[in-house]
Each structure stands twice: as structure tokens, then as C-alpha cells.
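Participant: Below is the structure I would like to discuss, written out as C-alpha cells.
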Amino acid sequence: MLRCVLLGCVLASVSPAAALTQSDLPTIAAPVPAEAEFGAPPAFVEEVTPLDPDNAIFDSFGGVRYLLIDDQHDARGEEPALYIRRVREASNASAIETLASFEVNFDPSYEHVVFHHIRLTRDGEVLDRQDRAQIEFARHESNRDRQMLNGEVTALARIDDVRVGDIVDYAYTVYGLNPTYNGRDFRRFGLNWGVPVERRSIRSLWPRGEARFIDVSPGEADIERVRRRNHEEFRLDPAPREAINPERGTPNRISQFPALRISSFSDWSDVAAWGTPLFTLDPSAPVQTLAAEIAAAHDTPEARLMAALNFVQNDVRYLALTYGEGSYVPAAPSDTLETRYGDCKAKTALLVELARALEFDADPALVNLGAGRGIDQREPSPGAFNHVIVRLRHDGRTFWLDPTRSYQGGTLDVVDQADYGFALPLDGAHEGLVSMANTVPQSDATVTIHETLDLSGGRDVPAILTVETVLSGRDADRYRARIARDGLSGLQRDYLDFYNQTFGAADFIEPIDVNDDVTANRLTVREQVELIAPFEDGEQPEAYSIRFRAHGISSLIESNAERRRETPLNVYHPTHARHVVDLVLTNGGEGWTLQDEQTEIDNAAFRYAYSSTHMGPVYRMEFELRSLAHDVPPDAALEVLRDHRTMLNSAYYGFDLIDSAE
């Protein structure tokens, strides 16, 4: 809920975004600060009194009682500031480790941190810990193993002599804003967390007319909007906020924690207008020469485009150096071509220039890898996106191509397209968000497994397992990349480990055989495995058994998701697998009494079918699973979860045998 108070009126103007120069991007990170800076809080900050622990209304969480979470933000002036204050009490010994340190992450290329105070309250006495606290700065780089370097720095503050009953109180301000935003600001202030907070307070000050989008979701909060002569203020007066217990199995598109969201971008078209100049691509001689070479080597436009895509994916390695403006501005395509490395922005810019040189209609498009299906419910801002790909239009069709993927097979008609929910094309039309959903669903299974398990020799003879796995679409791409990374020897080692865990001692009779039809994007893996002792002894001397599962039928839903829920239930989609098992029986199938069976499950989340047929010496079991949606409504969850358990149970099977020689 927003309450508005009008205290004056003034006109505001917005300057157009200026294009940044791609050649000016920093190639090394900004220096790490040598020491911590202490100073007074900025003038706009209002003092907030923490709650006295004796008046607390919530129990502590993990031994910590959160007495105050105070955020105050000022978007006015050339250097926005975010003031942060946290006051927490150590209710028991388990909290001391948590309260004895805190971290501040920032980008020194455009941000700096000023600490205001670090203090303890013990038995009513306030103890200044500024001089005794140790503050160290180090590179953050949590995604270094993913070839992503952003230059962020972590300030780690350690507070000594923290005891049970102490109240730890610290405050600091982070100044600065990414210059790529051209002065446009956007903020999200959490209202509830997984822990209870005795007092939550927020103030956010904006130049008059600059806060173009304001929302509180999910849930409500008593946010007051105060309009003054030259600015306006959004505030939440100190108030208790209950803990939120998030439901498991909820789609990433759903936010379960309420937040106040404010943005100077009015809508997604406004964000597109900001982002489009960043990808201004002037044709460059090296890239145009490469495009001409590709065109000469391939006969059709579609083959040329796929050659360009494969080049950018496989011949330009992924490396993200997103220092400062480099977090949004791509490297020049000619530079990427020369260095043969780049992040998603650089690879996209290179592919766009190649595609345009090959006379295709291609543009960059911003996406969110994890929460893209719910991005239409977020505040419009550049911060909503964490990835960029290519939208290509050809012969009346739209293709979404991700140049950071690798080893993609297929022609343009069948290449597996990216689908992250919504995308924001940067084509100059400023059309806003566009759905990436593929309107032509795939009918054939992308994973087809045919296993023949020969048990005809009985207990004293090793069983022979023959497997043919056919992969297509994204599954073929993934296996192709896996083989390129690990080699056939690595693939065979992993398979053998799986069989050893499932059946006991096993060994390959022949090396794994892989046939890869890259043009059709169809990859076939053939195996022949000797299962040396796959049987388990039964209760009687002559009895034995074998048990295993149709591993192609995988889980679609988080197993511990709540049955009765308020949020949608996530489904791993798209999934389409078919698994056939032919069991070669002992005695040519004579003496076996096996019933033909058939099971079908059809609900909002998936469709599953199982059938078994006794055909003389062979008992065939057929399984097929196909997901139907990315998630299902809460009222369908109970049925879906019950059916899901039934499906998984039916994929496990076992056979009890009697040794006729006994």
C-alpha cells in the first residue's frame, strides 16, 4: 500500500542516454582500497532508534535477534548513496560467530565505502569498537571458476570480544552508481526475510519525477510517499516484520519475499531505449572479411548463419572481464575476433555483426537466465537482466540463439533455441518484453534408451547388458559438449561407475561407440557391458533376484516440495524421454508367469505411460515421460506430487528367480 502526501510541485527533465565507447572499456580491475575510511553519515540520514531487546516480540533466530534493519537511500545529486545500519543481539553462544564479523561488497571502479560506526552495547554500556575492529579488503570474484571476473571487492570487518547478550551495531554508506546507467537509478528494498526483524525502516529520496515505477510485492507494506518541492521520499517507518518461510519447489519466477521496488525507468521500452545505444555496432573490416569467408564456404544462407554461430560458440572462448562499464557495454566485435575471447555481450555483438554481414536481421536481446519467466513482474531496470543473446528473424520465423553455448548441432531449422521466458530486444524499436516461447512443440523424445538385459544364462553366468541411447536437440548438444570436455574415456568411466553402483562388478565388453550426426543433431551411444554378479541372494538357497530402474525416467519435481501450497509448483520442463527394456529370460521364457501391464498418468504437469509385454523369451517394458508445463497452479500440486511418486516407483523394477538346477 502506498500513501501519498503532496508537499509541492516541480518539473523534471530527463537527459537522453549517451552511447559509451567500446574501445574505452577497462581491461584490469580497479585497485583494492588500502585501508578503511571512517566518517560521519551523509546529511540526508535520519537517526532511527533500535528496539530495546526487553520489548522484543519475536524469538531469536539461530541465536540472533534482529533489532534493526535500516536502509536509507538518496538518488539525488551526481553520486547516489545507500546508508545501511544493522543492529543485532547475541541471544546465545551460537550467534557469536555470526555477529563477530560482517561483509560489504562493492565495485571500486565506481563505488566507495565509508564506515560510520562499529560498536557494542554490553550491560547498558556502549563500547566503541572502531579502533579495535579489523577491516580487510580482498577481491570477491565468487564466479572465477566460471571464467567471470567483475572486479568486485569484499570488505571484511572482524569484531573481537563479542559475548552472549551483546548488541552489535554497525553502519556504513556505499556511494556511487554504475556510469553505464547514465544517472538512472533503481533500487529494491527487502521487507521480509527468512528471519523475524523487530524494526525494519526504509527511506528512499528521489529527484522530483524520477521515480517512475513504484511497487510493493508480494504482499503489502505501509509505504508512505511524500512529495516535496524538489524531491519525493518513500518511507517505511520502523515496524516489525515477520519471518517468511518460503515454500520448496517454487519456480524462480515467483518472488516469495516482499520488497519495495523503485525505478527511474518507467517501463521495459524505457529500458530498451537505454540499452540499445550500448550495442551500436559499426561494421569492421576483420569481421566483414570473416563473414565473406563464411559466405564463400557455404551454399545457403542458413548454412552460413550456422557456420557463424558455431564459430562464435566454439572458436571464441568464454571469458568475462566485466570491470566498471564492462558490466553492460560489449567489447568491439573486431577486438573479440582478435583476442578470441569474450563474455556474453562480446559474443553476442560479434554474432550480430556477422549475421548482419550475411544479410540476416539480427539484434541483441537481454534475458535473465534464472528468473526470466517472471521478469515481467519485476521493476523495469537493467538490473533485471544477467545475460544477452541474439534474436534473429528469417523467412517469417524468429530464432533465439545463445552464442555462449557450445557444440550445438543441427541446421537452422532444428537448432535448439534458447528459451529464458522473456527477452528485451535492443533493436531500436523499443517494443518492450517479448515472449521467447517456442510455438512449435517438439513431438519426438530427445532421449531414447533401448536396453537389452540378457539373463538367460542364469545365476552362474554374467548377464550381458546392451544399450543404445539416441539423443537429439539440447540433450545431444549437452552430450557433445561433455564428450569434448571429458573424452570418450571419461564418458566410459562415468558409465562404468554407474553400472558398478547399480549392479555390482561390471566391465565393458567393447569400448563405447559414439556416432554423432551433427547436421541432424542426433547423437547415438552404444554400449555392451558384462555384469559379472548382478544378482542378490534370496531367502531360499535356490532363490535369487535382480533389481534396477529405468534411469531414463528422471525426477521432474523437487521431491520435498509442500503438497498443500500457496505458490505454483515448479516442473523441470521441457523433458521428453522414452526408455525400453528387453529382459531376456532364463529357460527361453518357459516357466515364467509375467502379466502384461499398462499404466497411464496424465495431469497438468506431465504425461507418463508404462506398458509391459511378455513375448516368449523376452519380457519388454516400455516407459515414456513427457513434461507439459514449466509449473502448475497450487491447487494442482497435490495430485501432481502423488502422481510423480507413483511414476518414480513404477520406474523401479525387480525380478525374483529360482535356480532350476537346485
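The values are calculated or read from the model by the stated rules, or taken from the named source; none is laboratory data. As the structure is a prediction and not an experimental result, all values here were calculated from the model. For neighbour counting, all protein chains shown are included, and Cβ atoms are generated from backbone atoms with ideal geometry for every residue, glycine included. With ligands, DNA and RNA removed, areas are computed over all heavy atoms of the protein, side chains included. Shrake-Rupley method; radii C 1.70, N 1.55, O 1.52, S 1.80 Å.
Participant: Can you sort Glu293, Glu558 by solvent-accessible area, 1.4 Å probe, largest first?
Facilitator: Glu293, Glu558
Participant: What do you get for the angle between helix 301-315 and the principal long axis of the chain? Use alpha-carbon atoms, 0 to 90 degrees, nearest ten.
Facilitator: Computed tilt is about 70 degrees.
Participant: Within a Cβ distance under 11 Å of Arg304, other residues only, what is the Lys/Arg minus Asp/Glu net charge?
Facilitator: Around Arg304, the charge tally is -4.
Participant: Give the accessible surface of the chain per residue, rounded to a whole number of Å², with probe radius 1.4 Å and ligands, DNA and RNA excluded.
Facilitator: Roughly 47 Å² per residue, with all protein chains present.
Participant: Let me ask something else. Nearest 500 deg cm²/dmol is fine: what mean residue ellipticity at 222 nm does the chain get from its DSSP H runs of n ≥ 4 alone, each adding -39,500 (n - 2.57), divided by its residue count?
Facilitator: On the way: 8 runs with 106 residues, N = 662.
Rounded to the nearest 500, the figure is -5000 deg cm²/dmol.
Participant: Also, I was wondering about something else. At 7 Å along Cα-to-Cβ for each site, give me the label-to-label distance between Ala296 and Thr98 in nm.
Facilitator: 6.7 nm
Participant: Between the helical axis of 344-357 and the dominant principal axis of the chain, each derived from Cα atoms, what acute angle in degrees is found, rounded to the nearest 10?
Facilitator: 70 degrees
Participant: Could you point to the residue in Ala533, Ile449, Asn182 farthest towards the positive end of the chain's charge dipole, with +1 and -1 charges on the Cβ of Lys/Arg and Asp/Glu respectively?
Facilitator: Sorting the options by dipole projection puts first Asn182.
Participant: Which whole-number percent gives the relative contact order of the range 316-374, counting Cα pairs below 8 Å spaced six or more residues apart?
Facilitator: 30 percent
Participant: Another question, then. How high is the relative contact order of the chain? Use alpha-carbon pairs under 8 Å, at least six apart in sequence, and give a whole percent.
Facilitator: Once divided by the residue count of the chain, the mean separation gives 11 percent.
Participant: Okay, next question. Using r as the Cβ-Cβ distance of Asp596 and Ala303, and R0 as 35 Å, what FRET efficiency do you calculate, to the nearest 0.05?
Facilitator: Between Asp596 and Ala303 the formula returns 0.15.
Participant: What is the angle, in °, between the Cα long axis of helix 637-650 and the longest principal axis of the Cα atoms in the chain? Nearest 10 is fine, range 0 to 90.
Facilitator: Long axis of 637-650 versus the principal axis of the chain: about 30 degrees.
Participant: I've got another one for you. Of (i) 53, 35, 24; (ii) 51, 26, 23; (iii) 41, 29, 24, which is the value of semi-axes √(5λ) of the Cα gyration tensor in Å derived from the coordinates here?
Facilitator: (i)
Participant: Can you work out the PRE-style zone for Glu536? Point 7 Å along Cα to Cβ, and I want the residues of the range 464-507 with backbone N under 13 Å.
Facilitator: 502-504
Participant: Among 646-652, 69-75, how do they line up from the highest to the lowest mean number of other beta-carbon atoms within 10 Å?
Facilitator: Top to bottom by mean Cβ count within 10 Å: 69-75, 646-652.
Participant: Label points 7 Å out from Cα along the Cβ direction at Glu242 and Asp635: separation in nm?
Facilitator: Taking the simple label geometry, Glu242 and Asp635 are separated by 2.4 nm.
Participant: With labels modelled as points extended 7 Å from the Cα through the Cβ direction, what inter-label distance (nm, one decimal) is found for Asn105 paired with Glu78?
Facilitator: 2.9 nm
Participant: Still on this structure, please answer the following. Which FRET efficiency value, to the nearest 0.05, is calculated for Leu127 and Asn182 with the Förster distance at 35 angstrom and r the Cβ-Cβ distance?
Facilitator: It comes out at approximately 0.20.
Participant: Relative contact order of the range 388-488, please, whole-number percent, based on alpha carbon pairs below 8 angstrom and at least 6 residues apart.
Facilitator: 22 percent
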